[in-house]
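Below is one structure; the comments refer to it alone.
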Amino acid sequence: MKKFLLTSLIILSAISVHSQTFSFMYDGILRDYRVHLPPDYTPDSLYPMVLNLHGLGSNALEQQLYTGFDFVADTAGIIMVYPNGIANAWNIAFTTGVDDVGFISALIDTMAANYNVDLFEVYSTGMSMGGFMSHRLACELSHRITAIASVTGLLAFFPCTPDRPVPILQMHGTADAVVPYAGVPVTIQHWLDYNNCPVIPVITDLPDIDTTDQCTVTTSYYGFCDDSTEVLLYTINGGEHTWPGATVVIGITNYDINGSVEIWNFFRKYSLENYLGTNEVTATAFDIHIYPNPVSDYAVVEWQGRGERVFDLKVYDLTGKLVKNIAGIHEHRVLLSCEGLRPGLYILECTSGSTFSRCKFLVNRNK
């Protein structure tokens, strides 16, 4: 116990400088969450964001301490968010009761309004019930959550029909007495079927680096699936209901890998930009530029075009909703007002006939 308290105090001291607790009202309930910013955070850059969800009976601070994800985030430049569930739980399966899916979506909006979050790179991970909840977010918020990683949690929400294939990482111990490993094959099979993955995995036994931790790791890799997604299973042979590489030992824990490092290495390969098609530019179209970028109130939009054309300028948010439309432009330059646009990323599209060009821009009220 003394070792546990000492370790916790050391970690608390390390994370307290860059972490704060905030709250907002959602669905008539005051919801709170912890935010950890990388030490070099600046409002002039965009940052990926990882939601890290606690297990049943735990809370945001304990999840922050236990997983040690902040140390990865500080090096990689990630905004970490640790939400609190109502009564230390998440609604992982039911369409009635606490609207945790809506809360997480509102939390993403809140973070984007207050920080420079790259909304193409928002990810969810979690321990136990937090892993269950991450699977549900993959089902219902696939237009907002780029990829998920579940540690000792399974898919419990059905029907699970996301808008697109979702990259999935699963970590689970074979000796897990809380969420038995027997449920893992069903979860993996669902995502293999939905993502249209290869049925035969590439299986790799990882080196047994720590011979004293009483467990080893085997990976089962299924890829590539549709849209170049992947499903990756880390089987912790002999591992219990624990987070690999955890800062505190609460059961048989694997130390051949660091779960938080492996999860980020998986997440960092994926961006919603690839799935939303925002890189698509017709070869014979025109170049489009917006400045300043990030935008505060107004921006100049310029583009090149051939001959006498009429252009339409449209602005979409990341859900694909049209939020601004300027039609019938005869010039190659226009002043764009961002009044009414919430802080965050947007897609700017300029069209003329069958040709078009797109770019993305950031609305940032802090500039």
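The values are calculated or read from the model by the stated rules, or taken from the named source; none is laboratory data. Predicted model, so just to flag it, every value in this text is computed and none were measured. No Cβ is skipped: glycine too gets one built from the backbone with ideal geometry, and neighbour counts run over all protein chains shown.
Looking across 172, 135, one residue alone is within 15 Å of residue 262 (Cβ to Cβ), outside the structural domain of residue 343 (by TED's automatic domain parsing) and either assigned to a helix (DSSP H, G or I) or touching a strand residue (DSSP E or B) at 6+ places or on another chain (Cβ under 8 Å) (or both). It is 172. Residue count for the range 154-178, restricted to those that are surrounded by 17 or more Cβ atoms within 10 Å (Cβ to Cβ), without any contact (Cβ under 8 Å) to a residue 40 or more places away in the chain and more than 15 Å from residue 192 (Cβ to Cβ): 0. Here the condition is being of a type outside the set (Phe, Trp, Tyr), modelled with pLDDT of 85 or more, in contact with a Pro (Cβ under 8 Å, 6 or more places away or on another chain) and not assigned by TED's automatic domain parsing to the domain that holds residue 239; of 299, 327, it holds for 299 alone. The set of residues from the range 74-107 being under 21 Å from residue 120 (Cβ atoms), touching a residue at least 40 places away in the same chain (Cβ under 8 Å) and not in a loop (DSSP other than H, G, I, E, B) comprises 76, 79, 80, 81, 83, 101, 104, 106, 107.
Does the range 218-230 include one or more residues that are of a type in the set (Ser, Thr, Tyr) and assigned to a helix (DSSP H, G or I)? For the range 218-230, residues of a type in the set (Ser, Thr, Tyr) and assigned to a helix (DSSP H, G or I): present. Taking the stated definitions as given, is residue 341 within 23 Å of residue 113 (Cβ to Cβ), of a type in the set (A, V, I, L, M, F, W, C) and not in a strand (DSSP E or B)? Against the criterion (within 23 Å of residue 113 (Cβ to Cβ), of a type in the set (A, V, I, L, M, F, W, C) and not in a strand (DSSP E or B)), residue 341 qualifies. Of everything listed in (1) β-branched (Val, Ile, Thr); (2) surrounded by 20 or more Cβ atoms within 10 Å (Cβ to Cβ); (3) part of a loop (DSSP other than H, G, I, E, B), the single unmet condition for residue 211 is (2). All of 40, 44, 118, 99 fail the test of being surrounded by 18 or more Cβ atoms within 10 Å (Cβ to Cβ) and among the charged types (D, E, K, R), apart from 118.
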